[in-house]
1. Look through 99, 132 and report the one residue that is acidic (Asp, Glu), under 19 Å from residue 191 (Cβ atoms), crowded, with 18+ Cβ neighbours inside 10 Å and at pLDDT 95 or above.
2. Do any residues in the stretch 7-22 that are under 18 Å from residue 213 (Cβ atoms) have Cβ atoms under 8 Å from those of residues that are surrounded by fewer than 10 Cβ atoms within 10 Å (Cβ to Cβ), where the two are at least six apart or on different chains, and which pairs are they?
3. If I ask for residues that are surrounded by fewer than 24 Cβ atoms within 10 Å (Cβ to Cβ) and not in a helix (DSSP H, G or I), which ones from the stretch 142-169 would you list?
4. Is it the case, given these coordinates, that residue 234 is assigned to a loop (DSSP other than H, G, I, E, B), under 15 Å from the mean Cα position of the chain (by Cα) and over 19 Å from residue 192 (Cα atoms)?
5. Restricting to the stretch 84-96, name every residue that is in a strand (DSSP E or B) and surrounded by fewer than 19 Cβ atoms within 10 Å (Cβ to Cβ).
6. Give 25, 11 a once-over and let me know the one that is over 22 Å from residue 135 (Cα atoms) and not in a helix (DSSP H, G or I).
7. Going through the stretch 261-284 one residue at a time, which ones are free of Cβ contacts under 8 Å to residues at least 40 places away in the same chain and within 16 Å of the chain's Cα centre (by Cα)?
Amino acid sequence: MTDIVVPARCLPLPAHVSDAARTMLAAPPEMMPPDYPAGKDAATWRAHIAQVDAMLIAQMRPMMEGLPFEVEPDIVAGVPVFRAKPAGTAANPANIFMDMHGGALAYLGGEGCAMMAGFMALRTGMTVISVDYRMPPDHPYPAGLDDCVAVYASLLATRESRTIAIGGSSAGGNLAAATILKARDTGLPLPACAVLLSPEIDLTEGGDSFVTNLGIDPVLCTRLTILNALYADGAPLDDPYLSPLFADFTKGFPRSFIQTGTRDLFLSNAVNIHRALRRAGVEAELHVFEAMPHGGFFGAPEDQEVALEVQAFLRRCLP
């Protein structure tokens, strides 16, 4: 068999999305693919990560200003977390959403994690505990996963697993699924459900959309192979705790909500994890949004549709 050669062509703006979504797709990417450091020099990587974090946080601040959420730092099981909730909600809710932030497994700790905790509180309508997990270059795999499992185990000491939802976006979706698998394999009870939003579920990047949507997704303009290798630190990328897509889900996994878009570089990740869960008999929903890139349209009505679907799913799963 031979590869399929596709001629160059122009992509029109999609007809079946909102004006705000078309405006976002028509705009040039705000952040071009970064020049990753050559090699594994920790100091060089720290400087690079700080530069990218500053750029991303500067882009996020205007979008977060005035949003009705409250967030504060805390420590759980020795791990820094951010507790966030929609403004005006009860301080001690019956249910908790445990969130892992996005950022390609290397970016957006600290202030970025706090911002995304608030955003996830609004998206879920719940109190959120967002794990500010350790990341490379100083703390590659399994440090971040160990942090997430430790926080989950600590939550179980004071509440029933059926009152906990676990989820995350992008890299957070990877860690959410990996946390559930590691917890399961160490004898901890499964959470009520999982919410995997455009999850970075396959660090081998073997899915079809890593080719077909390359250059089409205006948010993820490049593959993340270098960052995946930095995070894995020599461990096999198809290890299920690194790439949960390759796990044995017949051993148990909670009811799951999976979201992506047709222009998302990670579209295949969402499709493939949905099929893997369904083959194992796990109840799983796949929500695919027209022309949506990685992470959504950042303010279009379609993003609110995602939030409403997530909230409806959580109401069905939690007591």
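The values are calculated or read from the model by the stated rules, or taken from the named source; none is laboratory data. As the structure is a prediction and not an experimental result, all values here were calculated from the model. Heads up, the Cβs are rebuilt from the backbone with ideal geometry, glycines too, and the neighbour counts pull from every protein chain shown.
1. The match here is 99.
2. 13/26
3. Scanning the stretch 142-169 gives 142, 157, 158, 159, 160, 164.
4. No, not satisfied.
5. Matches in the stretch 84-96: 86 only.
6. 11
7. 274
A quick yes/no check of all residues on (1) touching a strand residue (DSSP E or B) at 6+ places or on another chain (Cβ under 9 Å); (2) among the basic types (Lys, Arg); (3) farther than 20 Å from residue 177 by Cα:
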{"site": "67", "(1), (2), (3)": "no, no, yes"}
{"site": "73", "(1), (2), (3)": "yes, no, yes"}
{"site": "78", "(1), (2), (3)": "no, no, yes"}
{"site": "85", "(1), (2), (3)": "yes, yes, yes"}
{"site": "88", "(1), (2), (3)": "yes, no, yes"}
{"site": "95", "(1), (2), (3)": "yes, no, no"}
{"site": "100", "(1), (2), (3)": "yes, no, no"}
{"site": "105", "(1), (2), (3)": "no, no, no"}
{"site": "109", "(1), (2), (3)": "yes, no, no"}
